[in-house]
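See below for the structure under consideration.
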Amino acid sequence: MQTDFKKELNEQQLQVVLETERPLLVLAGAGSGKTRSLIYRCAWLIKEKKVSPQNILMVTFTNKAAKEMQERLQNILGFSVRYLWVGTFHHICTQILRNEITFLPFNRNFTIYDEDDQLSLLKKIYKEHNLDRERFPLKTVLNRISTYKNRLLLPEDLNEYNLEISMETYKFDRMVPKIYTIYQQNLLLNNALDFDDLLLYTAKLLQNNEIVRKKYQQQFQYVMIDEYQDTNYAQFEIVHQIASEHKRICVVGDDDQAIYSFRGATIRNILEFEKDYANALAIRLEQNYRSTSHILKLANAIILNNRHRHSKILWSELGEGFKPNLFVYNDDMEEANRTADLILQLYEEGIPFREIAVLYRTNAQSRIFEYAFLQRNIPYTIVGTVHFYQRKEIRDLLAYLTVIFNPSDNNSLLRIINEPPRGIGTTSVSRLLEYASQAHITLYQTIQNVQAVQTIQPGIRKKIAEFAEKLEDWHRKAQSTPVLDLVKEVIDSLDLINHYKNSQDPVEISRVENLIEFVSSVSEFSERWIEEYDKSPLLADFLPFVALQTDIDRVNETADTVYLMTLHNAKGLEFESVFITGLEQELLPHLRSMNSKYSIEEERRLLYVGVTRAKSRLFLSYARSRRKYDSFYFTEPSIFLQELDPNLFAGYNDAITFKRIPNRKTYIKPKSLTNKQFYIGQKVWHSEYGQGLVLNVDGTGPEARLTISFTSGKLAKIIASYVSPEPF
């Protein structure tokens, strides 16, 4: 198949394809064809430079992107590229770790733990060591452990690590490394790794083992990394260890879309690439193939207010299109209702629901939109909530498959030992665990030798022995039986379909549909695997696929539903029409991000990401008041709106001031006044709603809740610090 690279790429994209022998930084603006550039670059290496696919490493940030790249590449080349290393960092690292298992403290059948598995393990540790969840919150501890791992610090490394300990957090900071030590020991006992471990062990292996490092330096002669702005220190180190010798590395990213610092990503990697790799060339992709010019003008105006960035200006040949709309609503309920009405209007104009997205800063904002959509029968899908593989019956089935694959995984075995119920109670389980601990063996080994556990009644020992025999039989079969056949056998043998179907609970009955859907997903996976590798996949092939799925990978783009999602989850997606809601101070930018100029810049990038998801129609909105608990809080428009020129919008339905308005502190009188008791009948002043009369006072000082009747006719509850006892 003949490919005309010059005809199918613009000048800058072609340069990305042809510059193959030096470090390359591709600054790719939103919608600028970066994926196309990477695919054609790979095709050029294989077709024109005769590079073997197995000598190319392409790293993406979603499985969906990796699959798309491979399919499009095969279409261009006209032949299979099955030996090309393409996938997410976690997928690539999983392959490397399984290949180099002789150098690692676990075996190749390791389980990959998701957050639910991590929390389950941590709860067990807390119970065994009498740890207080209030003093050491589970998720806070996990976040700290994740931070250590992203910095490539194992528990034994922390003695040399300069911990910054304040008096307020002294006990927490002293205890977390101890919990981390126990947590890591338990992972190894279960032959399990969490997501951070996949990166940490790969990075350390490449750093410390010269044989392994040289092997992958020689194998991966050309390295391409997508979404480089979202890499963390561990990912940087993996790439650097592989590419620093030959320096044939191409990184593609957009510092204006760096929004994942909370996951450990550092914008430093893309901003300082030219320092990390001497003689690097930077290429800017600024022509946008997604959005119309008016949308891009707004996006450019927003991001120009950031200082820490590579300069770039997006432009388009798709025409000017519609100017973005800005709506200012009285409250959050009106915002949801009017947004729903506009969506129905767009639908009547011919825009499918699946081409419409409602974006917001926090998950909590979805509830009111769900209500408005239900009232109007608008179908919707929430991206980022509990997904298919997290449902109870699916997690139970996956726990069976995990134990069959990795018998050392005590956590998964504990989940299924009496699921479905087989008469093995908590007392018997406790005695099994006690025996396992004393004998220094795994729970799986204990149930295989359950007759030795004399503290358990003979009848229960028999049930455990039957269960153990079943697991061992499946474990042997898993080595050669196709995963689809194995899954069907497990479901049939456990009689799971009838177990749920015979229940009187509708929730239980619905689990049958999910189990059937699970078998369908295994069937689809098997078909793709056979097509690619010309052989049936085993359980060892399927489990990593499930473990490494992301929220974006699970978006069903064929369902005709409106998508509700946070701005973070919207990255990488595009829609004909986009609604960005809640553009208020303390929401966007978020309250937690308002004390740091770097955090404010990331929040601005988040808005930029949202704006650049839109192809043709863009609607922005904020509510002048928002309900919290039983009160209405008056809001201020986002600082990001205040920075903009009103001419960027088609029009707006309120007198929003497009210049920096005073922040809340300006409205607060000196402490002598704000600490003063407000009283019923007192005249007060609010910066936006003017004069009002206090009807009720709940509490004291600046945090008191005042019920105020304004001369405009508005009645609302407002925190005292937002009003003044007298006009300015």
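Consider the stretch 92-139. How many of its residues are in contact (Cβ under 8 Å) with a residue 24 or more places away in the chain and either surrounded by 14 or more Cβ atoms within 10 Å (Cβ to Cβ) or part of a helix (DSSP H, G or I) (or both)?
26
Name the residue that is nearest to Ile112 (Cα to Cα), counting only residues in the stretch 406-428 that are open to solvent by less than 20 Å² (accessible area, probe 1.4 Å) and assigned to a helix (DSSP H, G or I).
Once the filter is applied, the top-ranked residue is Ser412.
Considering (1) modelled with pLDDT of 85 or more; (2) touching a helix residue (DSSP H, G or I) at 6+ places or on another chain (Cβ under 7 Å); (3) of a type in the set (Ser, Thr, Tyr); (4) open to solvent by less than 30 Å² (accessible area, probe 1.4 Å), say which one Tyr563 fails and leave the rest.
Going through the list (1) modelled with pLDDT of 85 or more; (2) touching a helix residue (DSSP H, G or I) at 6+ places or on another chain (Cβ under 7 Å); (3) of a type in the set (Ser, Thr, Tyr); (4) open to solvent by less than 30 Å² (accessible area, probe 1.4 Å), Tyr563 breaks only (2).
Out of all the residues in the stretch 494-507, is one or more at pLDDT below 90, among the basic types (Lys, Arg) and either under 31 Å from the mean Cα position of the chain (by Cα) or open to solvent by 60 Å² or more (accessible area, probe 1.4 Å) (or both)?
yes
Only residues that are open to solvent by less than 70 Å² (accessible area, probe 1.4 Å) and not in a loop (DSSP other than H, G, I, E, B): list them for the stretch 271-280, please.
Leu271, Phe273, Asp276
Condition first: under 23 Å from the mean Cα position of the chain (by Cα), more than 25 Å from Lys215 (Cα to Cα), of a type outside the set (D, E, K, R) and surrounded by fewer than 22 Cβ atoms within 10 Å (Cβ to Cβ). Can you find one or more residues in the stretch 34-45 that meet it?
yes
With respect to Lys488, is the statement that it is more than 21 Å from Pro420 (Cα to Cα) and either surrounded by fewer than 18 Cβ atoms within 10 Å (Cβ to Cβ) or modelled with pLDDT of 95 or more (or both) true?
Spelling it out, it is not the case that Lys488 is more than 21 Å from Pro420 (Cα to Cα) and either surrounded by fewer than 18 Cβ atoms within 10 Å (Cβ to Cβ) or modelled with pLDDT of 95 or more (or both).
Just for the stretch 281-318: of the residues that are assigned to a loop (DSSP other than H, G, I, E, B) and open to solvent by less than 30 Å² (accessible area, probe 1.4 Å), which one is nearest to Pro23 (Cα to Cα)?
Looking at residues that are assigned to a loop (DSSP other than H, G, I, E, B) and open to solvent by less than 30 Å² (accessible area, probe 1.4 Å), I get His310.
Which members of the stretch 448-489 meet the condition of being within 19 Å of Glu527 (Cα to Cα) and assigned to a helix (DSSP H, G or I)?
Val483, Leu484, Asp485, Leu486, Val487, Lys488, Glu489
For the condition open to solvent by less than 10 Å² (accessible area, probe 1.4 Å) and more than 24 Å from the chain's Cα centre (by Cα), what is the one hit in Leu14, Leu25?
Of the residues listed, the single one that is open to solvent by less than 10 Å² (accessible area, probe 1.4 Å) and more than 24 Å from the chain's Cα centre (by Cα) is Leu25.
With respect to Arg604, determine if the residue is of a type in the set (Lys, Arg), open to solvent by 30 Å² or more (accessible area, probe 1.4 Å) and not in a strand (DSSP E or B).
Taking the combined requirement at face value, the residue does not satisfy it.
Under 6 Å between Cβ atoms, at least 6 apart or on separate chains: pull out the pairs that start in the stretch 24-39 with a residue that is more than 22 Å from Thr292 (Cβ to Cβ) and touching a residue at least 40 places away in the same chain (Cβ under 8 Å) and end on any residue that is open to solvent by 10 Å² or more (accessible area, probe 1.4 Å) and small (Gly, Ala, Ser).
From the stretch 24-39, the pairs are Leu25/Ala280; Leu25/Ala282.
Quick one: what pairs do we get from the stretch 424-435, first residue within 12 Å of Gln454 (Cα to Cα), second of a type in the set (S, T, N, Q), C-beta under 6 Å, 6+ apart or different chains?
Hits for this filter: Arg431/Thr455; Leu432/Thr446; Tyr435/Thr446.
Among the residues of the stretch 381-401 satisfying the criterion of being over 20 Å from the mean Cα position of the chain (by Cα) and either open to solvent by 20 Å² or more (accessible area, probe 1.4 Å) or small (Gly, Ala, Ser) (or both), which is nearest to Glu335 (Cα to Cα)?
Lys392
This table checks each residue for (1) among the hydrophobic types (A, V, I, L, M, F, W, C); (2) more than 21 Å from the chain's Cα centre (by Cα).
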residue: Asn209; (1), (2): no, yes
residue: Val212; (1), (2): yes, yes
residue: Glu227; (1), (2): no, no
residue: Glu237; (1), (2): no, yes
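Of all residues being of a type in the set (Ser, Thr, Tyr) and surrounded by 19 or more Cβ atoms within 10 Å (Cβ to Cβ) in the stretch 432-484, which is farthest from Asn406 (Cα to Cα)? Just the residue, please.
Within the stretch 432-484, the match that is farthest from Asn406 (Cα to Cα) is Tyr435.
Output the number of residues of the stretch 237-258 satisfying the condition of being surrounded by fewer than 24 Cβ atoms within 10 Å (Cβ to Cβ) and farther than 18 Å from Tyr222 by Cβ.
Looking only at that region, the number is 3.
Return yes or no: is Val81 outside any helix (DSSP H, G or I) and farther than 24 Å from Phe545 by Cβ?
No; evaluated as a whole, the condition is false for this residue.
Which condition from (1) closer than 26 Å to Gly572 by Cβ; (2) more than 29 Å from the chain's Cα centre (by Cα); (3) outside any loop (DSSP other than H, G, I, E, B); (4) at pLDDT below 95 is the one that Ala336 breaks?
(2) is the only condition that Ala336 fails.
Which of the residues that make up the stretch 224-236 are closer than 17 Å to Glu21 by Cβ and surrounded by fewer than 24 Cβ atoms within 10 Å (Cβ to Cβ)?
Selection gives nothing.
This table checks each residue for (1) in a helix (DSSP H, G or I); (2) in contact with a helix residue (DSSP H, G or I) (Cβ under 8 Å, 6 or more places away or on another chain); (3) modelled with pLDDT of 90 or more; (4) of a type in the set (Lys, Arg).
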| site | (1), (2), (3), (4) |
| --- | --- |
| Gln13 | yes, yes, yes, no |
| Leu27 | no, yes, yes, no |
| Gly31 | no, no, yes, no |
| Trp44 | yes, yes, yes, no |
| Lys50 | no, no, yes, yes |
| Ala66 | yes, yes, no, no |
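Could you run through the stretch 319-352 and say how many residues are open to solvent by 40 Å² or more (accessible area, probe 1.4 Å), out of contact with any helix residue (DSSP H, G or I) (no Cβ under 7 Å at 6 or more places or on another chain) and hydrophobic (A, V, I, L, M, F, W, C)?
Qualifying residue count, the stretch 319-352: 1.
Given the options Phe525, Phe542, Phe579, Phe518, name the one that is aromatic (Phe, Trp, Tyr), assigned to a helix (DSSP H, G or I) and at pLDDT 90 or above.
Phe542
Just name the residue that is modelled with the lowest pLDDT out of those in the stretch 607-645 that are farther than 28 Å from Val723 by Cβ and open to solvent by 20 Å² or more (accessible area, probe 1.4 Å).
Asp645
The values are calculated or read from the model by the stated rules, or taken from the named source; none is laboratory data. The structure presented is a predicted model; accordingly, all values stated were derived computationally and were not measured. Please note: Cβ atoms are built from the backbone with ideal geometry, for glycine as well, and neighbour counts cover all protein chains shown. The protein model used for the area step is the full one, side chains on, heavy atoms only, and it has no ligands, DNA or RNA in it. Shrake-Rupley method; radii C 1.70, N 1.55, O 1.52, S 1.80 Å.
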